[in-house]
Amino acid sequence: MAEPVVRIPDAKVALSTASVYPESTATAFEIAARLGYDGIEVMVWTDPVSQDIEALRRLSDYHQIPVLAIHAPCLLVTQRVWSTDPWVKLQRARAAAEKLGASTVVVHPPFRWQRQYARDFVTGIWRMANETDVRFAVENMYPWRYRDREMLAYAPDWDVTKDDYRHFTIDLSHSSTARADALQMLDRMGDRLGHVHLADGNGSNKDEHLVPGRGNQPCAALLERLALSGFDGHVVIEVNTRRAMSSAEREADLAEALAFTRLHLASAVRVAGS
């Protein structure tokens, strides 16, 4: 029997719980199951369910949707979630990942005003990575801009490829806001790329997180390169649906994002196979 021309890569496509905001973590599991996502990335934030491992386990079991990644509480609005100590936050994120069977903890580089944390961050992430099989995938960020002013808010740098980490997360909305070339960043990450946040952007000063295909980022090209390289990490849809006028419109956006991702992961393999 002839082998099929198209082989879908091993990469799983997950839904970030941030993609349903202002709806709840529980709603994200429900939508992911209904639309056929492969799993969930839990953004740990002020929703109590996102912080509760047993509640997450029950949701995962009920909807038969695995938790594939934990996004540590690194945002300004989560400065007091899971302690005010950033290392404790990462320890709790790792424990959550281990208990839920997630392979990845996503972490942002420190804010520049977290001076001691920033000084120890690179060595500290290596130390934590050596203590577990869970990947600590450090995510690219961006300069903060207001009118003609630019503030470097992250340390050691918003461009995480300038430092030595075992694993990276690439976020295309962040590369858009940084006005950085995402494909060149992908090249610099090389085989240390462990995780993808897929979203689009138009180079705005604001972090847009558009549905893939609605901005100017090379979302399709990046997915095709991942497929051809045999990427086996997770591709996570992390988009902003706050402006959706209804739950049905939000779900349609998330269905479109999933279809776009699966199409371009498969299309590259089709071309190579043929």
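The values are calculated or read from the model by the stated rules, or taken from the named source; none is laboratory data. Since the structure is predicted, the reported quantities are computational estimates derived from the model, not experimental observations. As a convention, Cβ positions derive from the backbone with ideal geometry for all residues, glycine included, and neighbour counts pool all protein chains shown. Protein only, heavy atoms only, side chains kept; ligands, DNA and RNA dropped before computing areas. Shrake-Rupley method; radii C 1.70, N 1.55, O 1.52, S 1.80 Å.
Annotations for the structure displayed:
- Residue match in segment 88-96 (condition: open to solvent by 60 Å² or more (accessible area, probe 1.4 Å) and closer than 26 Å to Gly233 by Cα): yes
- Odd one out for Glu150 among (1) crowded, with 21+ Cβ neighbours inside 10 Å; (2) acidic (Asp, Glu); (3) modelled with pLDDT under 95: (1)
- Here the condition is being out of contact with any Cys (no Cβ under 7 Å at 6 or more places or on another chain) and surrounded by fewer than 14 Cβ atoms within 10 Å (Cβ to Cβ); of Asp120, Asp85, it holds for Asp85 alone.
- Top-ranked residue in segment 192-232 [being without any contact (Cβ under 8 Å) to a residue 60 or more places away in the chain, farther than 28 Å from Arg242 by Cβ and over 17 Å from the mean Cα position of the chain (by Cα); ranked as surrounded by the most Cβ atoms within 10 Å (Cβ to Cβ)]: Glu224
- Screening segment 239-255 for residues that are touching a helix residue (DSSP H, G or I) at 6+ places or on another chain (Cβ under 6 Å), touching a residue at least 12 places away in the same chain (Cβ under 8 Å) and not in a helix (DSSP H, G or I) and picking the one that is farthest from Leu193 (Cα to Cα) gives Thr241.
- Unmet criterion (only one of (1) on the phi < 0 side of the Ramachandran plot; (2) part of a loop (DSSP other than H, G, I, E, B)) for His195: (2)
- Test: residue in segment 13-36 that is in contact (Cβ under 8 Å) with a residue 40 or more places away in the chain, surrounded by 14 or more Cβ atoms within 10 Å (Cβ to Cβ) and assigned to a loop (DSSP other than H, G, I, E, B): yes
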